[in-house]
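Colleague: Just dropping this structure here.
The values are calculated or read from the model by the stated rules, or taken from the named source; none is laboratory data. Quantities reported herein were computed from a predicted structural model and do not represent experimental measurements. Because the Cβ atoms are built from the backbone with ideal geometry, glycine has one as well, and the counts that use them run over all protein chains shown. We work out accessible area using only protein heavy atoms, side chains counted, and drop any ligands, DNA or RNA first. Shrake-Rupley method; radii C 1.70, N 1.55, O 1.52, S 1.80 Å.
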Amino acid sequence: MRDAAPTTIYLKDYTPFGYLVNSVHLTFDLADHATRVTSRIAFRPNPDATERTFFLHGEDLALISASINGAEVTPDVTDKGLTVDVPDEPFIWEAEVEIDPGNNTALEGLYMSNGMYCTQCEAEGFRKITYYPDRPDVMSTFTVRINGDLPVLLSNGNPSGKGEGWAEWTDPWPKPAYLFALVAGDLIAHPGQFTTKSGRDVELNLWVRPGDEGKCAFGMEALKKSMKWDEDVYGREYDLDVFNIVAVDDFNMGAMENKGLNIFNSSAVLASPETSTDANFERIEAIIAHEYFHNWTGNRITCRDWFQLCLKEGLTVFRDAQFTSDMRSAPVKRIHDAIDLRARQFPEDNGPLSHPVRPESFQEINNFYTATVYEKGAEVIGMLKRLVGDDAYAKALDLYFERHDGQACTIEDWIKVFEDTTGRDLTQFQRWYSQSGTPRVTVSENWADGIYTLTLNQRTEPTPGQNEKQPQVIPVAVGLLGANGDEVRQTEVLELTEAEQSFQFTGLAAKPTPSILRDFSAPVILEHDVSNAERAFLLAHDTDPFNRWQAGRSLAQDTLLRMILDDAAPDADYLDGLLAVLRDVDLDPAYRALMLGLPTQSELAASLFERGHTPDPMMIWTAIETLRQATAQHVQDLLPRLHSEALVDGPYAPDAAQSGKRALGSAALALTTRLDGGAMAAEAYGNADNMTLQLTALSCLLRARKGEAELAAFYRQWQHDRLVMDKWFGLQVAMAGPEATPGVAQSLTQHADFNWKNPNRFRAVVGALAMNHAGFHQPDGAGYALLADWLIRLDPVNPQTTARMCSAFQTWKRYDADRQELMRAQLSRVAETPNLSRDTSEMVSRILGA
Ligand code: PHE
Ligand code: ZN
């Protein structure tokens, strides 16, 4: 156990820092194990602060010297930072520290990746670079000089000088330290250019290691599209002469929006048809957009404190989702987002890690970069937009940028621009930011005297620290269908604000069929008891693409639950409805591919648990296999047509049209493999000329317990490509049969190429183990033990990545007593590890409910 009691930080305790920063000058003398950082910082007393303690954060720094106004001082130094007496007027602080980037395996602060120096400062990593008020509400301009004998030396802002062995950068935009970045390495630029709407020429570069030059073109185009889109849709223009992106192999997250110098996990930016799947391309396009959009939502307007993280993240996720909808297919994107929210955010919101979109306390802020802050945070903005309308949303955003440019803001500031724009009181709406848990909306219907009444009820289960829940403002988009499938009422948004509320519809000739929560208008769980005949009717007729898909999903879920609970046979309404949808050539192939998806095993486990049953992972797995087999047989005659529809003309393009066809083709191949034992997949593997097809074929073969030769050939072909090898590792764990999974994962961790200190490789194996539901939950506990072994091993090396992966255990209370005990024992074993990081110990104790 940790010796010191963990400190909890509270939102309510916020106070401004006692000093403001006028300017920061940094000099880096780079050396692998002894980098010198010299800082010259101009401070002045903050007139708005009452507290005047001069405390600078600093961790893992060796202080060489410090001075104030040129006179040497001796600060009080602890392992958290330093304090020193300072004058009650503007003064210059100077310090020199030494740091060891070569031994920085946590990948926070200044570290090394394949001989290249790079930084990661969000959330609190700048304090590992030099002494500084490392908090987002302290903003300053930065000038950075880098001395080092590497060919490429980069920092934020615009270049302001360079020579043999040095470069200087000046960032004119005041920023918090978490947006600081530095990169030095032997890198190659993939250049580009963009002219902003007011005529400013911007030099663009995507910097990569030699060998990766061929994987840059797509990312560069995505960047240009993002810059244009933000001008067209939000009126936001780029504000520096250069925009640099750097690809790094060792990175804890996806990417980071450092001002003018975005740093990316190479998996989130490098792409080529031979090495990347369609899904990779789409994700890369979205992440590039996301980081670019942060330039306004995050950088120009930043967060007052880390409790306000959703101010930048929720909004920026919402913006990147809008971008993807515009670039690709809006219904497909919406369905993907709902699938993702249910898979990642709902379990978080309904388990021991549940927290509000704006948390009120934390021990380690890195543990709050969550699906709730990001994705539910984005959903909250989508609801706000739906409630006020598109025009008011646009006006409110203009006001937000105008009023708060250059400031560090709060959710209250954000809400206020909407109130000021619309005159609407959003007090109740703000509960979306403070109340945790997923609201459940129950529907009942009544038809009498020509009046159709929908009664909506909302309730939210207690979550950690919140027993009493208040009603929230829930926009429920509803349309009504007549008996022949015509829409008798177009979509309207019902505003559910009370615990229970009724809405009446008059002027209808007969009882309609409702289509409720269209476009997934709120991140809630809809509970509506309807017959499968009614679901099949919506699957055939709903004009709302989301709800049409949802009808199929509900049918699938219902049949799976009855197969598990009552040993029922696969439901004919589901199979027939699916067949009809697949036959409909007017429907987008991507959409038809989505229709073939099933609820995940983990989602089914949650549904069983909510209905008062104890989920049995093996029974869930078997039900899915059985339903898949039945589906293959039921749609057998259609499969040749689906395969031919999936053929694309011309060269590979990762666009929506082609990737939709390939998605349909992949789904058809998976079904075909259940009927032909893998013959077609083996042929497809041999013919594959892009990674999407190659990986699809290989996964079909592995699922059929074939493909050993292909797996070996894949290794030989790709062993020198790190990103493709991550796929090779991950796929084997994902496709392993339940009993085999822990053993497969265990033996892959012994593989010579299993570099466990690389987060991508670690996630490819250990993360995939946690994602393979039936495999992870093997009754002997082998999956749990293997995960815990690796958490314990990784924690001292990389606490952030370790802590994130603890969430694999967050659903432990859903399962039977034996599994609960096995998981609890492993969690305790992790918790009792000596010197456990603050990150992991907070996660484990929250999961255990301690
Ligand atoms: N701010 C980054 C993003 O959302 C995520 C991130 C957080 C990256 C912390 C690194 C460290 O784009
Ligand atoms: Zn972000």
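Colleague: As an exercise, take the mean of 1/r over every pair of distinct alpha carbons in segment 359-424, invert it, and state the Kirkwood radius in angstroms. Let's see the in-between values first.
Modeller: On the way: mean 1/r = 0.0756 Å⁻¹.
Its Kirkwood hydrodynamic radius stands at 13.2 Å.
Colleague: Principal axes first, then extents: for the Cα atoms of segment 68-177, list largest minus smallest coordinate on each axis, whole Å, largest first.
Modeller: 43, 31, 27
Colleague: Dimensions of segment 394-440 along principal axes (Cα, Å, largest first)?
Modeller: The Cα atoms of segment 394-440 stretch 37, 24, 15 Å along their principal axes.
Colleague: Rounded to the nearest 0.05, what FRET efficiency do Glu492 and Arg793 have when you use their Cβ-Cβ distance and R0 = 60 Å? Don't jump to the answer; show the numbers that get you there.
Modeller: Values: r = 55 Å, r/R0 = 0.92.
With R0 = 60 Å, the Cβ-Cβ based efficiency is 0.60.
Colleague: Calculate one ³J(HN,Hα) per residue across segment 128-137 by plugging θ = phi - 60° into the Karplus curve 6.51 cos²θ - 1.76 cosθ + 1.60, and present them in order as whole Hz with x for glycine and proline.
Modeller: 8, 10, 7, 6, 6, x, 8, 9, x, 7
Colleague: OK, next. Based on Cβ point charges of +1 for Lys and Arg and -1 for Asp and Glu, what charge dipole magnitude is obtained for the chain about its Cα centre, in debye rounded to the nearest 20?
Modeller: Working: 77 positive and 120 negative charges, 173 e Å.
Roughly 840 debye for the chain.
Colleague: Express in % the proportion of alpha carbon pairs of segment 648-747 at distances exceeding 22 Å. It would help to have the intermediate numbers written out before the result.
Modeller: On the way: 1550 of 4950 pairs.
Result for the distance tail: 31 percent.
Colleague: Sticking with this one: Compute, for segment 64-220, the length of the dipole vector about the Cα centre, with Cβ point charges of +1 (Lys, Arg) and -1 (Asp, Glu) only. Units Debye, rounded to 20. Kindly include the intermediate steps, with their values, before the conclusion.
Modeller: Details: 11 positive and 24 negative charges, 155 e Å.
Value, rounded to 20: 740 debye.
Colleague: With +1 on the Cβ of every Lys and Arg and -1 on the Cβ of every Asp and Glu, and nothing else charged, how large is the dipole of segment 292-355 about its Cα centre, in debye rounded to the nearest 20? Each step should come with its number before you reach the end.
Modeller: Working: 9 positive and 8 negative charges, 39 e Å.
Charge dipole of segment 292-355: 180 debye, to the nearest 20.
Colleague: Quote the FRET efficiency, to the nearest 0.05, computed for Leu711 versus Thr622 with a Förster distance R0 of 25 Å and r equal to the Cβ-Cβ distance.
Modeller: The calculated FRET efficiency here is 0.50.
Colleague: Would you mind calculating the relative contact order of segment 220-344 from Cα pairs under 8 angstrom and at least 6 residues apart, reporting the percent as a whole number?
Modeller: Values: 127 pairs, mean separation 24.9, N = 125.
Contact order relative to length: 20 percent.
Colleague: Going down the table (Lys197/Lys312; Lys312/Lys416; Lys395/Lys416), which pairs top 22 Å between alpha carbons?
Modeller: Working: Lys197/Lys312 24 Å; Lys312/Lys416 16 Å; Lys395/Lys416 13 Å.
Checking Cα-Cα distances, Lys197/Lys312 exceed 22 Å.
Colleague: Whole number please: convex hull volume per residue of the Cα set in the chain, in Å³? Could the numbers behind the result be given before it?
Modeller: Numbers: hull volume 139.1 nm³, N = 850.
Convex hull of Cα atoms, per residue: 164 Å³.
Colleague: Give me the distance between the Cα centres of segment 709-772 and segment 823-849, rounded to whole Å.
Modeller: Distance between centres, Cα-based: 26 Å.
Colleague: A further question follows. Hey, any idea what % of the chain's accessible area is carbon plus sulfur with a 1.4 Å probe? Could the numbers behind the result be given before it?
Modeller: On the way: 15780 of 31990 Å².
Looking at the chain in its full context, I get 49 percent from C and S.
Colleague: Oh, and also: How many angstrom separate the Cα center of segment 464-506 from the Cα center of segment 51-98?
Modeller: 57
Colleague: Calculate one ³J(HN,Hα) per residue across segment 704-719 by plugging θ = phi - 60° into the Karplus curve 6.51 cos²θ - 1.76 cosθ + 1.60, and present them in order as whole Hz with x for glycine and proline.
Modeller: Result, rounded to whole Hz: 7, 6, 10, x, 4, 5, 5, 4, 5, 5, 4, 4, 4, 5, 10, 4.
Colleague: From the residues Leu693, Trp169, Pro471, which one has its Cα farthest along the dipole of the chain in the positive direction, the dipole being from +1 and -1 charges on Cβ of Lys/Arg and Asp/Glu about the Cα centre?
Modeller: Positive-end residue among those listed: Leu693.
Colleague: Taking H placed 1.01 Å from N in the peptide plane, check which residues at least 5 places from Asp249 or on another chain put their amide H under 5 Å from its amide H.
Modeller: Those qualifying (amide H under 5 Å, at least 5 residues apart or on another chain) are Ser266.
Colleague: Going by average Cβ density within 10 Å per residue, which order do the peptides 694-700, 256-262, 618-624, 640-646 take, highest to lowest? Can you show the working numbers first?
Modeller: Numbers: 694-700: 24.1, 256-262: 25.9, 618-624: 19.4, 640-646: 15.9.
Top of the packing list down: 256-262, 694-700, 618-624, 640-646.
Colleague: Quickly rank 176-185, 100-109, 83-92 as a protection proxy: mean count of other C-beta atoms within 10 Å, highest first. Mind showing how you got there, number by number?
Modeller: Values: 176-185: 25.4, 100-109: 19.5, 83-92: 12.9.
In decreasing order of mean packing, 176-185, 100-109, 83-92 become 176-185, 100-109, 83-92.
Colleague: Search the structure for amide H atoms under 5 Å from the amide H of Ser23, placed 1.01 Å from N in the peptide plane, and list their residues when 5 or more places away or on another chain.
Modeller: When sequence neighbours closer than 5 places are left aside, the close amide H contacts are Ala42.
Colleague: Starting with the highest mean, order 26-38, 659-671 by the number of other Cβ atoms within 10 Å, averaged over the residues of each peptide. Present the calculation step by step, with values, prior to reporting the outcome.
Modeller: On the way: 26-38: 17.8, 659-671: 23.5.
Descending packing order for the listed peptides: 659-671, 26-38.
Colleague: I've got another one for you. Could you give the length gained on full extension between Asp79 and Asp676, defined as 0.36 nm per residue of separation minus the Cα-Cα distance, in nm? Show your work: numbers first, answer last.
Modeller: Values: separation 597, 0.36 × 597 = 214.92 nm, distance 6.34 nm.
Length gained between Asp79 and Asp676: 208.6 nm.
Colleague: When Lys and Arg each count +1 and Asp and Glu each count -1, what net charge do the other residues less than 14 Å away from Ala568, Cβ to Cβ, add up to? Display every interim value, and only then the final one.
Modeller: Numbers: positive: Arg562; negative: Asp558, Asp566, Asp567, Asp571, Asp573.
Surrounding charge for Ala568 is -4.
Colleague: Please name which of Pro545, Val493, Ala522 has its Cα lying farthest along the dipole of segment 485-585 towards the positive end, using unit charges on Cβ (Lys, Arg +1; Asp, Glu -1) and the Cα centre as origin.
Modeller: My answer, from the dipole projection, is Pro545.
Colleague: With a 1.4 Å probe and every protein chain left in place, work out the accessible area per residue of segment 797-850 in Å², rounded to a whole number. Please list the in-between numbers first.
Modeller: On the way: 2070 Å² over 54 residues.
It amounts to 38 Å² per residue over segment 797-850.
Colleague: If I model a spin label at Leu399 and Arg641 as a point 7 Å from the Cα along the Cα→Cβ vector, what separation in nanometres do I get?
Modeller: 5.4
Colleague: How high is the relative contact order of the chain, in percent, counting Cα pairs under 8 Å that sit 6 or more residues apart?
Modeller: Normalised by residue count, the contact order of the chain is 9 percent.
Colleague: Check the straight Cα-Cα distances from Lys757 and name the lysines below 25 Å, setting aside those fewer than 8 residues away within the same chain.
Modeller: The qualifying lysines are Lys128, Lys215, Lys727.
Colleague: A further question on this structure: Any idea how far the Cα center of segment 1-45 sits from the one of segment 120-195, in Å?
Modeller: 16
Colleague: Rounded, prolate or oblate: which fits segment 716-850 when a ≥ b ≥ c are the square roots of the eigenvalues of the alpha-carbon gyration tensor, with rounded for a/c under 1.5 and prolate only if a/b beats b/c? Walk me through the intermediate numbers first.
Modeller: Values: a/c = 2.39, a/b = 1.36, b/c = 1.76.
It is oblate, given that a/c is not under 1.5 and a/b is not larger than b/c.
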